[in-house]
Amino acid sequence: MSMEEQPHDPLRDVGELVDSLRLAGIRFLPRQVPGFAVPVLPVAATPVLSVEQTPAEPARPVPHPLPVPPVPVVQAPPVPARTITLAPRPAPVAPSEELFALETVNESSTQGLSLEERAARLAALADQVSRCTKCPTLARERTRTVFGIGPLDAELCVIGEAPGAQEDLKGEPFVGEAGQLLDKILQACGFQRSQVYICNVLRCRPPANRVPELIEAQNCKPFLEATLDLVRPRFICLMGATAGRTVLETGSGIGALRGRELFWRGIPLAVTYHPAYLLRYPEKKRDTWEDMKRMLARMGRAVPP
Ligand code: URA
């Protein structure tokens, strides 16, 4: 059997190591050198075995044969604090205290007021609206708020959806293309525009004229209610689904609301299509005209043929 063929004998290895240490003059080895941790050789991951297999002897930690000076601990340099620059955040919108005061504006609180006092309160309300930031997106995007326009004690109040581009620039409701059609409808009913109180569910233009979100309509509703309580119209005409849903607090669409004898706080009310919808679907003008004739009959006014 050649040397290469001899089986490995660990005891013989240890004997040879001890002999060589003795020859080198080393008489004993300390069991532990202070500050020196005996390195541990990595142990191979234990394989998952079947029941029949005998596990091979795992590699064991081998103590280092000679003391090794402790490795000085080098202090890591302090990591400089990172400066993170954040984009400026919009200032948080605090709920306006004035908005809560709106709850005190209601039917009974405006009963004893003179015409002048109601006009003054309406002007104060418009001023409050102009500073409203309850809907951050609308407040950021608008050119100006669009309050209502028209006389107190108006015989008719028309409520639309929200200002469009023209209204946002001018600060007056229904002055664009839909407004011109509204003027024609009012004329056909025997009204001058100046005789009618005109306003919207929202006082800000939604970006790209999108449909107002529910929260936006709810945020703006106290303004609408306070307006109606101060103007005290004799009859209300809701134009479009947004006005119908918001004022009547219903999930019903126009189809279910048209032709019904409805009321808001005791004020008779009618629902019809929005003029902008009529511009897109002119065939619906005939239905609107029927709604207007029913409304005029309820108002006790002359109904055109
Ligand atoms: N549409 C509305 O609902 N209101 C306006 O003021 C203009 C267009």
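A few notes on this one:
- ³J(HN,Hα) computed for each position of region 168-179 - Karplus, 6.51 cos²θ - 1.76 cosθ + 1.60, integer Hz, glycine/proline x: 4, 6, 8, x, 10, x, 6, 10, x, 4, 5, x
- Distant-in-sequence amide H partners of VAL271 (H built 1.01 Å from N, under 5 Å): LEU238, GLY259, ARG260
- Net charge contributed by nearby residues that have their C-beta within less than 10 Å of GLU261 (K/R +1, D/E -1): +3
- Exposure rank, largest accessible area first [VAL175, VAL146; 1.4 Å]: VAL175, VAL146
- Taking label points 7 Å from Cα along the Cα-to-Cβ direction, ALA297 and ALA256 give a separation of 2.4 nm.
- Of the accessible area of region 169-262, computed with a 1.4 Å probe over protein heavy atoms only, carbon and sulfur atoms account for 48 percent.
- For region 97-299, the solvent-accessible area with a 1.4 angstrom probe is 47 square angstrom per residue.
- With 0.36 nm allotted per residue and the present C-alpha distance subtracted, the TRP289-ARG193 stretch has 32.8 nm of extension available.
- Global form of region 156-215, assessed from the alpha-carbon gyration tensor, a/c cut-off 1.5: prolate
The values are calculated or read from the model by the stated rules, or taken from the named source; none is laboratory data. Since we're looking at a predicted model, the values are computed, not measured. Virtual Cβ from ideal backbone geometry, glycine too; neighbours counted across all protein chains shown. Just the protein is used for accessible areas: all its heavy atoms, side chains included, with ligands, DNA and RNA removed. Shrake-Rupley method; radii C 1.70, N 1.55, O 1.52, S 1.80 Å.
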